[in-house]
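The values are calculated or read from the model by the stated rules, or taken from the named source; none is laboratory data. Bear in mind the structure is a predicted one, so any value in this text is a computation, not a measurement. Note: ideal-geometry Cβ built from the backbone for every residue, glycine included; neighbour counts use all protein chains shown. Areas reflect the complete protein model, heavy atoms only, side chains present, ligands, DNA and RNA absent. Shrake-Rupley method; radii C 1.70, N 1.55, O 1.52, S 1.80 Å.
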Amino acid sequence: MCGIVGYVGERNAAPILMKGLQKLEYRGYDSAGIAVHDGKKVNIYKAKGRLKVLEERHPSDKISGTLGIGHTRWATHGEPSELNSHPHVSGKIAVVHNGIIENYQRLKLWLEEKGYHFVSETDTEVAAHLVNHFYEGNLLQALQRAIALLEGSFALGVLSSDVPDTLVAVRKSSPLIVGIGQNENFIASDIPAILEHTRNVYLLDDGDMVVLKKNRIRMYNSLGERIEKPVFNVTWDADMAEKGGYAHFMVKEINETPKVLHDTLNPRIDKDGRFSLSEISKFSAMANTLKRLFIVGCGTAYNAAMLGKYYIEKMARIPVEVEYASEFRYRKPLIGKGDACIVISQSGETADTLAAMREAQRCGAMVVAITNVVGSSVSREADEVFYTWAGPEIAVASTKAYSAQLMALYIIGTELAFRVGGIDEDYYRELLTALTAIPKQAQTVLDNVARIQQLAAERFNAKNVFYIGRGMDCPLSMESALKLKEICYTHAEAFAAGELKHGPLALLENGSLVVALMTQESLLDKTISNMIECRTRNAYLVGIAMEGNIRAVETADDCILIPRTVECFAPMLAAIAAQLFAYYISTHKGVDVDKPRNLAKSVTVE
Ligand code: M6R
């Protein structure tokens, strides 16, 4: 996720671009840049780091020119650096981009054969060269021809040094709006970037292109036909709009899950419809010789690791040990040559995880990072990296990044299982097909939020909440309980359902809330027996189960239903329901959802 902004008008563009980018920094903040046309040529200003570094180095009030584009970056291809930051330039053309160009490697080869020289590691640079390649004096036509070759998602803002009064832009699967001013017009990834200047916007649809001059806006559809759109009047306040109309970042991020799952999965499916683990080729080449696999992480990342263990051991029959990074680093773990260690970290900066990773490397193990932040310490130090493409996660409680971590583990686990002969071709295909359906099914869970809201409204006062589950529902119950502790300040525990009668049952009393994860239908009879034991102690039972699970509905007092998928992937959908349940309880309790007390987003100290 990155933020882009563009301006054409009568005022100096640079301060407007910088202010706009400030409002988009939540979309990415590892580097920034602007391109401003001074009437004769396009001048480029870039800096690694947050926007304030760019402003310090190139004060915007000293930059003249009334046409410009700007970008704040969340690195995907290529580490955060000045060279990789946008705008990217090719000949007369300057481009800012938000999204991922999935076929950039093929296009890069093609452009190199035509003599184009690449200076960055980004996917975006192909867009700049392509527009340049097709440019014969008409920017719109050049952009049209360029995007016809691009696969993936992109919002692009484009300038040319020989056109000092025009900005062109396109939107495909990445957000872009047009701001309508008086003798000035704007583009932006999100409304807050331009709200100070106008409340009138056009909301572009996929494939739409726009040509902006200071007193004219022309819009075109993907076929190149002129289109008109209704003016959308923004009535929200700026703070609200930054969250895309959601009340909190957490719920916004949960709602991004379908896209995050798609973005994490899709680039890993090759043209033959198989998983490609090219990013972690050394690790996957070890599949048949791997002695042991360790997975380490903290908090939510640890809980994802536990789910990964269940899956990988079940499918690939490779022994997997999961450890808290804080324990692993100090206990002289029995790990060495021939072993591999996957470290999971959303931020890539968690101190314990970094230390555990260094310990694994010191002992001779191969280290793969599953992380969300390109250029983070974990990504730089790992032997290989498998990115979760979840975009910046702002809320302290991890939600969409957890979902992406699960998706990453399912992809890796399925491919490993096939390579070691744990599953056959037919089952491999079945699993791949089921995973491909998950992003859409995640959207269905979100669409059915009303039931969860109602349940949260009825139960938010529960003093003690117990999450129980068997099989893969067991690690999911740990993550679900963590969410409740973290953002609701509610005492919540997770138990393997079969463990209840070995002690925890003594905690149950009249009105205790028991949430039973019931997605593992092969273990349903057992879980139901445990639920009945809880009912006998006057607990209130909420179930989370796949649709069509009539016995779950009959057993629980209330049941949240998720779409049906193969059993081992169902926790990925149930997790969204559990996250929403915690979120709505938190709002009922009036907790500061995005910044709960005593916690920090990135724990860079021990
Ligand atoms: O950035 P990391 O994934 O390394 O962070 C690990 C934990 O601190 C993190 O998952 C924490 O548990 C979350 N706030 C939970 O929602």
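Quick test for you: out of Asp38, Asp61, pick the one residue that is open to solvent by 10 Å² or more (accessible area, probe 1.4 Å) and either among the aliphatic types (A, V, I, L, M) or touching a helix residue (DSSP H, G or I) at 6+ places or on another chain (Cβ under 9 Å) (or both). Write out each step before concluding.
Numbers: Asp38 fails: either among the aliphatic types (A, V, I, L, M) or touching a helix residue (DSSP H, G or I) at 6+ places or on another chain (Cβ under 9 Å) (or both).
Criteria check complete, one pass: Asp61.
Here is a check on your reading of the model: is Ile295 among the β-branched types (Val, Ile, Thr), within 16 Å of the ligand (Cβ to nearest atom) and out of contact with any Ser or Thr (no Cβ under 6 Å at 6 or more places or on another chain)?
Details: among the β-branched types (Val, Ile, Thr): yes; within 16 Å of the ligand (Cβ to nearest atom): yes; out of contact with any Ser or Thr (no Cβ under 6 Å at 6 or more places or on another chain): yes.
Yes: the conditions hold for Ile295.
Pairs please, first residue from region 439-463 and of a type in the set (Phe, Trp, Tyr), second anywhere and not in a loop (DSSP other than H, G, I, E, B), Cβ atoms under 7 Å, 6+ apart in sequence or on different chains.
Every condition considered, the pairs that remain are Phe460/Ile585; Phe460/His588; Phe460/Lys589.
Rundown of residues vs (1) near the ligand (Cβ under 10 Å from one of its atoms); (2) among the basic types (Lys, Arg); (3) farther than 23 Å from Arg73 by Cα, yes/no style:
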{"site": "Cys363", "(1), (2), (3)": "no, no, yes"}
{"site": "Thr371", "(1), (2), (3)": "yes, no, no"}
{"site": "Val374", "(1), (2), (3)": "no, no, no"}
{"site": "Glu381", "(1), (2), (3)": "no, no, no"}
{"site": "Val385", "(1), (2), (3)": "no, no, no"}
{"site": "Pro392", "(1), (2), (3)": "no, no, no"}
{"site": "Ala395", "(1), (2), (3)": "yes, no, no"}
{"site": "Gln405", "(1), (2), (3)": "yes, no, no"}
{"site": "Ile411", "(1), (2), (3)": "no, no, yes"}
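Examine region 160-173 for a residue that is open to solvent by less than 60 Å² (accessible area, probe 1.4 Å) and farther than 22 Å from Val42 by Cα, and state whether such a residue exists.
There is at least one residue in region 160-173 that is open to solvent by less than 60 Å² (accessible area, probe 1.4 Å) and farther than 22 Å from Val42 by Cα.
Tell me, which helices (runs of 4 or more DSSP H) lie completely within region 233-281 with 1 or more residues that are surrounded by 15 or more Cβ atoms within 10 Å (Cβ to Cβ) and at pLDDT 95 or above? Walk me through it before giving the result.
Numbers: elements: 238-242, 249-255, 257-265.
Counting at least 1 such residues, we get 249-255, 257-265.
Which one of Gly115, Gly91, Gly70, Gly137 is of a type in the set (Gly, Ala, Ser) and buried (at least 16 other Cβ atoms within 10 Å of the Cβ)? Before the answer, list the steps.
Working: Gly115 fails: buried (at least 16 other Cβ atoms within 10 Å of the Cβ); Gly91 fails: buried (at least 16 other Cβ atoms within 10 Å of the Cβ); Gly137 fails: buried (at least 16 other Cβ atoms within 10 Å of the Cβ).
Of Gly115, Gly91, Gly70, Gly137, the one residue that is of a type in the set (Gly, Ala, Ser) and buried (at least 16 other Cβ atoms within 10 Å of the Cβ) is Gly70.
Name the one entry in Glu102, Glu79 that is over 21 Å from Arg171 (Cβ atoms), within 21 Å of the chain's Cα centre (by Cα), modelled with pLDDT under 95 and open to solvent by 50 Å² or more (accessible area, probe 1.4 Å). Walk me through how you get there before you give the answer.
On the way: Glu102 fails: over 21 Å from Arg171 (Cβ atoms).
Residue meeting the stated conditions: Glu79.
For Thr565, work out the one condition from (1) of a type outside the set (Asp, Glu); (2) within 16 Å of the ligand (Cβ to nearest atom); (3) in a loop (DSSP other than H, G, I, E, B); (4) touching a helix residue (DSSP H, G or I) at 6+ places or on another chain (Cβ under 8 Å) it doesn't fulfil.
So Thr565 meets the others, but not (2).
In this structure, does Thr565 turn out to be farther than 18 Å from Ala497 by Cα and open to solvent by less than 30 Å² (accessible area, probe 1.4 Å)? I'd like the intermediate steps shown before the answer.
Working: farther than 18 Å from Ala497 by Cα: yes; open to solvent by less than 30 Å² (accessible area, probe 1.4 Å): yes.
Yes, satisfied.
Given the criteria within 16 Å of the ligand (Cβ to nearest atom), in contact (Cβ under 8 Å) with a residue 40 or more places away in the chain and among the acidic types (Asp, Glu), does Glu279 qualify?
Values: within 16 Å of the ligand (Cβ to nearest atom): no; in contact (Cβ under 8 Å) with a residue 40 or more places away in the chain: yes; among the acidic types (Asp, Glu): yes.
Taking the combined requirement at face value, the residue does not satisfy it.
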